[in-house]
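**Student:** Structure below; questions to follow.
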Amino acid sequence: MYSMISYWLKFYRHECGLTQQQVADRLKIERSTYTYYETGKTKPDINTLIKIAKVYNIKYTALLEGVEDELEEAVADITSGAAEEEEGLKYRTHATTKYEVELLFVVRNLTPKQRKEVMNLAKNLVNESELNK
């Protein structure tokens, strides 16, 4: 699941001109472990975040910017439970699954044009599944 932490890890690594292998070597971890942090497959614990921040010569809190907003939005999505109407289709929000939260983070990193394409594709899939019922 791509997140703000993943974004900042990649951003600061590029700013420092380092490869994933170089960062992993400095942290004394496998490159694949660090790659998982950048892709959001796993999240580093606080001690690892502090070590990463030292590698990038930044405060560890810089790696957490935006995380609070992500959490608030995810909680709002989970608790809303309200039905929405859009172009005649009803979308209900119940407990948000891990997959749905991951999809949300991915969509937020798209351009407006890409978001529109994803929305149209999703609506077409919903319409097709309704027709096949």
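Values in this text are rule-based calculations from the coordinates and carry no lab data. Keep in mind that this is a model prediction, so the values were computed, not measured. Here the Cβ positions follow ideal geometry from the backbone for every residue, glycine too, while neighbour counts run over all protein chains shown.
**Student:** How far is the Cα center of segment 107-133 from the Cα center of segment 1-58, in Å?
**Tutor:** Cα centroid of segment 107-133 versus Cα centroid of segment 1-58: 32 Å apart.
**Student:** Convert each backbone phi in segment 29-35 into a coupling constant with the Karplus relation 6.51 cos²θ - 1.76 cosθ + 1.60 (shift: θ = phi - 60°), then list the ³J(HN,Hα) values in order as whole Hz, x for Gly and Pro.
**Tutor:** Using θ = phi - 60°, the values come out as 10, 5, 4, 4, 5, 5, 4 Hz.
**Student:** Same structure again: Just want the ordering: Glu100, Glu130, from fewest to most Cβ atoms lying within 10 Å of their own Cβ.
**Tutor:** Lowest to highest Cβ neighbour count: Glu130, Glu100.
**Student:** Check Ile58: other-chain or 5+ apart residues with amide H under 5 Å from its amide H, H built from backbone geometry?
**Tutor:** none
**Student:** With an 8 Å Cα cut-off and a minimum separation of 6 or more residues, compute the relative contact order for segment 4-64 in percent.
**Tutor:** 39
**Student:** If I stretch the segment between Asp45 and Val106 completely, what's the gain in nm (0.36 nm per residue apart, minus their alpha carbon distance), one decimal?
**Tutor:** That works out to 19.8 nm of additional length.
**Student:** Same structure, new question: Which ³J(HN,Hα) values, rounded to whole Hz and listed in residue order, are derived for segment 5-16 from phi using the Karplus coefficients 6.51, -1.76 and 1.60 in 6.51 cos²θ - 1.76 cosθ + 1.60 with θ = phi - 60°, glycine and proline given as x?
**Tutor:** Once θ is set to phi - 60°, the couplings for segment 5-16 become 4, 4, 4, 5, 4, 5, 4, 5, 4, 5, 4, 8 Hz.
**Student:** Let me ask something else about it. Do the alpha carbons of any pairs in Lys10/Lys43; Lys10/Lys41; Lys10/Lys123 sit beyond 21 Å of each other, and which pairs?
**Tutor:** Correct reply: Lys10/Lys123.
**Student:** Give the order of Lys59, Lys28, Lys123 when sorted by the count of other beta carbons within 10 angstrom, beginning with the fewest.
**Tutor:** Lowest to highest Cβ neighbour count: Lys28, Lys59, Lys123.
**Student:** Can you sort Val23, Val118 from fewest to most other Cβ atoms within 10 Å of each residue's own Cβ?
**Tutor:** So the ranking, lowest neighbour count to highest, is Val118, Val23.
**Student:** From the convex hull of the Cα coordinates of segment 4-64, what is the mean projected area in square nanometres?
**Tutor:** The directionally averaged projection comes out at 3.3 nm².
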